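Structure record follows, encoded as structure tokens.
A short reminder: the numbers here are calculations on the coordinates, not readings from a lab. The shown structure was predicted, so the numbers you read here are calculated from the model rather than taken from an experiment. With ideal geometry, Cβ positions are generated from the backbone for all residues, glycine too; neighbour counts draw on all protein chains shown.
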Amino acid sequence: MATQQLGVAGMTAETRAFYDKVLLSRTIPNFVHRNFGVQKTIAPNSGNNINFRRFSRPAAATTALTEGTPPSVTNPTTASVVATISQYGAYMLGSDILEWQAIDPVVTEYTQVFAEQLQDSLDQVTRGVINAGTNVAYASTATVRSGVASGFNLSWAELRNARRILKNADVLPLEDGKYAAIIHPNVVRDLFADSNVVNAFQYAFSRTGMGNGENRSPRARSAISSASASTRPPTRQPSPVSDRAPATSGRRCSSVARRMRSLN
């Protein structure tokens with residue numbers, strides 16, 4: 001007597017797959033390139049570009065004036081940066097039958113998927129604009145992007161050089177007193193192969209302050225990795241200047257006053 005087996009002969013119609021109602025999660029990169037730029041809104045019917053302007057500071061006047069003789073005329077200049085709007089988008093076609101009879105919430109899921117695509121698209125477009133900039137410091141002896149060869153890794157010396165360039169250009173740091181660096185995970189691996197970088201973390205007074213002895217922020221913003229993680233908007237920390245200076249000044253004034261009373 002033959003034994004009926006599932007999926008064999010007449011029992012093929014009894015085979016089916018069980019579908020888990022809980023969908024698998026997706027990995028989402030950290031979209032960080034738009035965190036540090038200036039974002040403005042153009043009003044309707046106001047054109048397709050925006051003009052940013054800056055008044056340049058004249059050179060310091062270090063020559064003493066001669067009585068009765070006016071100095072030479074100073075002609076200040078202005079600089080401008082023009083940003084032009086571009087439109088990006090994507091869509092899919094779906095029927096009402098798909099929405100009503102599909103076993104998964106197709107519309108809901110693809111709404112989230114397209115939202116992630118939007119973030120990814122804008123992040124990559126912004127990254128392309130940044131990489132096309134002309135203010136570039138290349139690793140090692142390279143002078144152009146194509147000259148960056150194998151072994152030209154980011155190191156402690158390269159970070160110090162980048163910080164020097166920013167300081168010499170009077171570029172202000174972020175509110176936590178640090179500059180931002182967007183670093184690929186592969187570059188982070190090479191960076192931590194530098195013993196100077198490892199020592200800076202091991203012997204720092206504060207793990208988040210990178211050796212400055214003060215815990216200003218729970219976030220280390222000096223390096224932002226683009227490794228996969230869930231995206232959350234950055235939490236703005238209170239400015240250490242506005243929050244701490246008054247209290248410090250008050251303590252110093254009280255200390256000086258006590259010393260003056262003791263002297264009197």
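For Leu98 and Ser72, compute 0.36 nm times the residue count separating them, minus their Cα-Cα distance, and round to one decimal in nm. Display every interim value, and only then the final one.
Details: separation 26, 0.36 × 26 = 9.36 nm, distance 7.72 nm.
Contour length minus Cα-Cα distance gives 1.6 nm.
What is the distance in Å between the Cα centroid of segment 93-112 and that of segment 127-193?
Here the two parts' Cα centres lie 45 Å apart.
Could you tally the net charge around Thr126, taking each other residue with its Cβ under 15 Å from the Cβ of Thr126, Lys/Arg +1 and Asp/Glu -1? If you can, show how the numbers build up before the last one.
Numbers: positive: Arg34, Lys40, Arg127; negative: Asp120, Asp123.
Residues near Thr126 contribute +1 overall.
From the C-alpha gyration tensor of segment 1-129, pull out the three semi-axes of the equivalent ellipsoid (sqrt of 5λ each), sorted largest to smallest, in whole Å. Please list the in-between numbers first.
Working: eigenvalues 941, 63, 17 Å².
Equivalent-ellipsoid dimensions as semi-axes: 69, 18, 9 Å.
What does the highest-first list of 40-53, 130-143, 185-198 look like by mean Cβ count within 10 Å?
Numbers: 40-53: 8.9, 130-143: 10.4, 185-198: 13.7.
Ranking the peptides 40-53, 130-143, 185-198 by packing returns 185-198, 130-143, 40-53.
How large are Rg and Dmax for segment 78-209 when calculated on the C-alpha trace, in angstrom?
22.0, 64
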